[in-house]
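Scroll down for the structure; my scribbles are underneath it.
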Ligand SMILES: NC(=O)c1ccc[n+]([C@@H]2O[C@H](COP(=O)([O-])OP(=O)(O)OC[C@H]3O[C@@H](n4cnc5c(N)ncnc54)[C@H](O)[C@@H]3O)[C@@H](O)[C@H]2O)c1
């Protein structure tokens, strides 16, 4: 920079000495930095406030008619139920029990305390029932083979029980549960939560029963496809001592975490997943099945740690008032494509429904069904998405004229985006308050267990097994 | 600075540009630090184009990922401070260019590439990242820090001593 430049441009730092101007302009960034600091500080304070508001004190102050609730088993599903229940007003959590005392039990207890519920925690459910007075209800989400013992003890202690499906891994135990409910005069709801899902209720009550949209139903199909997954693991720090595991019927941490795959503890995917959907078959068809045949096996995973079948296909026959319906159910755990749904087909239409909130459509069978405009106008169904050739795809000569044009798709207009288990829990608590009837009482849970547990038997027997109508009665 | 005979108005507008970009960098960094569990994982896994394998490898290797996360957060903070205060400004602007270039080639808005993380606008080749990058090039080309910024003091101080 030569002398001349320096003189002309007094704004540039050309003068030899550091002067006042240099200082002022040199530090111009400081106030900007200060402003950012203040703004960021305020922003962070807001964020914290919102977060702590969400976390703490959401529990409304105790009211006279609050229901006092205990949780028994707070693993993966217990956690889901707990989070759903936190959204239901009028519940006061009083106790939590789980044998994984330094892990799941601790986590659930801390969560509830954060929400303002002063809960006591227990490893042994008997200690809980002994010490906790004034409980109205218990929500049980322990592994299937514990359901009977836990449910019966709680019923006998005078509690109303919400017990996760599968009701039990054996029919004898499921029967004992239903009998215990009857004897105690308390309520027993089984966790087939689709029974309370508004979209399912609408499909059954309105579309199938009232409008008879499908015409004469002839076939049904259901599937649950799951991606291959490694066995469940556990943080080594929180391992349960072997002696404790043995006390509760587990041979190892691996078995404790992956109980579903073991005979005598769970029922494998067909019971875990299929039970939800086979329950829908019986519900929507209005009858229990007449027979079942099935094929299944552990085809993919290690047989020693996956005693139950990773792949099962079952075919049921139902004798409905209108005639025979055949239903195919498939579950596999090696590929998750196309997910899970149930489908019912009659000569006038097809219903595809799933717990998954964005799957729910009916397809009009054009050759026979009357127009559905009325139901569209009434708001039951969306405008049809036309499946006829669209201009986008020019099929030209490729289209075989003998091919029937696929039916129009109508979406169900009823949406349900809340937690999937919340309505079923609400139904239970409203029933405890005497305001509603249970959507899945013990007898229904039992019927469902009879239908589902026979699949595993049919796989072993390698032939069609028949149901005696008496079998479905407790 | 031979030809840098700029008017006050021209200098000021450059300084404002520098401080805005600095603010953006600094707060991006600070917000990630405050969040506590921020990770570039999702961004890297979304990577498309020819470097996708590299970026996804970074995301999947937990040691590499934590280094990337730390570098990114603190890089943003330091670049932001440099630009706002006008200290080591050219280095900061240069580092900013490199960082933005990395973001750009990780998920470039090229014809035929679609991302599942929705963007807040519609971009083809040019997105806001690349505009910011170009602005940083301007700041590297014209030393606004010699008008307003701590480098002005530094510069004189070094000259004096
Ligand atoms: N309705 C649904 O959609 C749905 C979904 C998943 C699971 N489930 C059902 O929920 C139940 C639990 O399944 P999960 O996936 O949460 O299993 P999980 O293994 O994750 O959790 C089981 C929990 O029970 C605890 N536990 C085990 N034995 C116990 C005992 N004797 N006393 C007290 N606690 C004990 C374990 O420590 C663990 O925390 C099963 O019956 C399962 O079929 C239902």
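Summary table
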| quantity | calculated |
| --- | --- |
| Subset of segment B:37-72 (residues that are under 20 Å from the mean Cα position of the chain (by Cα) and within 14 Å of chain A (Cβ to nearest Cβ)) | B:38 |
| Residue that is nearest to the chain's Cα centre (by Cα) [pool: residues in segment A:249-272 that are within 9 Å of the ligand (Cβ to nearest atom) and in a helix (DSSP H, G or I)] | A:272 |
| Selection status of residue B:154, assigned to a helix (DSSP H, G or I) and within 14 Å of chain A (Cβ to nearest Cβ) | yes |
| Some residue of segment B:16-36 being within 14 Å of chain A (Cβ to nearest Cβ), surrounded by fewer than 13 Cβ atoms within 10 Å (Cβ to Cβ) and at pLDDT 90 or above | no |
| Residue in segment A:279-297 that is modelled with pLDDT of 95 or more, within 16 Å of the ligand (Cβ to nearest atom), in the same structural domain as residue A:410 (by TED's automatic domain parsing) and out of contact with any strand residue (DSSP E or B) (no Cβ under 9 Å at 6 or more places or on another chain) present | yes |
| Strands (runs of 3 or more DSSP E) (entirely within segment A:98-167) containing at least 1 residues that are within 16 Å of residue A:445 (Cα to Cα) and within 9 Å of the ligand (Cβ to nearest atom) | A:137-140, A:160-163 |
| Only listed residue being farther than 22 Å from residue A:144 by Cβ and touching a strand residue (DSSP E or B) at 6+ places or on another chain (Cβ under 6 Å), chosen from A:314, A:220, A:243, A:228 | A:220 |
| Check on residue B:114, touching a strand residue (DSSP E or B) at 6+ places or on another chain (Cβ under 9 Å) and assigned to a loop (DSSP other than H, G, I, E, B) | no |
| Qualifying residue in segment A:202-216 (condition: out of contact with any helix residue (DSSP H, G or I) (no Cβ under 9 Å at 6 or more places or on another chain), within 16 Å of the ligand (Cβ to nearest atom) and under 22 Å from residue A:346 (Cα atoms)) | no |
| Flag if residue A:328 is assigned by TED's automatic domain parsing to the domain that holds residue A:210, within 16 Å of the ligand (Cβ to nearest atom) and either touching a residue at least 24 places away in the same chain (Cβ under 8 Å) or over 23 Å from residue A:450 (Cα atoms) (or both) | no |
| Qualifying positions in segment A:414-450 - touching a strand residue (DSSP E or B) at 6+ places or on another chain (Cβ under 6 Å) and within 16 Å of the ligand (Cβ to nearest atom) | A:428, A:438, A:440, A:442, A:445 |
| Which listed residue is touching a strand residue (DSSP E or B) at 6+ places or on another chain (Cβ under 8 Å) and either within 14 Å of another protein chain (Cβ to nearest Cβ) or more than 10 Å from the ligand (Cβ to nearest atom) (or both), from A:171, A:82 | A:82 |
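Listed here are the residues, each with its yes/no results for (1) surrounded by fewer than 18 Cβ atoms within 10 Å (Cβ to Cβ); (2) more than 14 Å from chain A (Cβ to nearest Cβ).
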{"position": "B:110", "(1), (2)": "yes, yes"}
{"position": "B:120", "(1), (2)": "yes, yes"}
{"position": "B:123", "(1), (2)": "yes, yes"}
{"position": "B:130", "(1), (2)": "yes, yes"}
{"position": "B:136", "(1), (2)": "no, yes"}
{"position": "B:141", "(1), (2)": "yes, yes"}
{"position": "B:150", "(1), (2)": "no, no"}
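To keep it simple, each residue is scored yes or no on (1) surrounded by 12 or more Cβ atoms within 10 Å (Cβ to Cβ); (2) within 14 Å of chain B (Cβ to nearest Cβ); (3) touching a strand residue (DSSP E or B) at 6+ places or on another chain (Cβ under 9 Å); (4) closer than 14 Å to residue A:139 by Cβ.
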{"site": "A:27", "(1), (2), (3), (4)": "yes, yes, no, no"}
{"site": "A:33", "(1), (2), (3), (4)": "yes, yes, no, no"}
{"site": "A:71", "(1), (2), (3), (4)": "yes, no, yes, yes"}
{"site": "A:88", "(1), (2), (3), (4)": "yes, no, no, yes"}
{"site": "A:102", "(1), (2), (3), (4)": "yes, no, no, no"}
{"site": "A:116", "(1), (2), (3), (4)": "yes, no, no, no"}
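The values are calculated or read from the model by the stated rules, or taken from the named source; none is laboratory data. Computed from a predicted structure; not experimentally measured. Note that we place each Cβ from the backbone using ideal geometry, even for glycine, and neighbour counts take in every protein chain shown.
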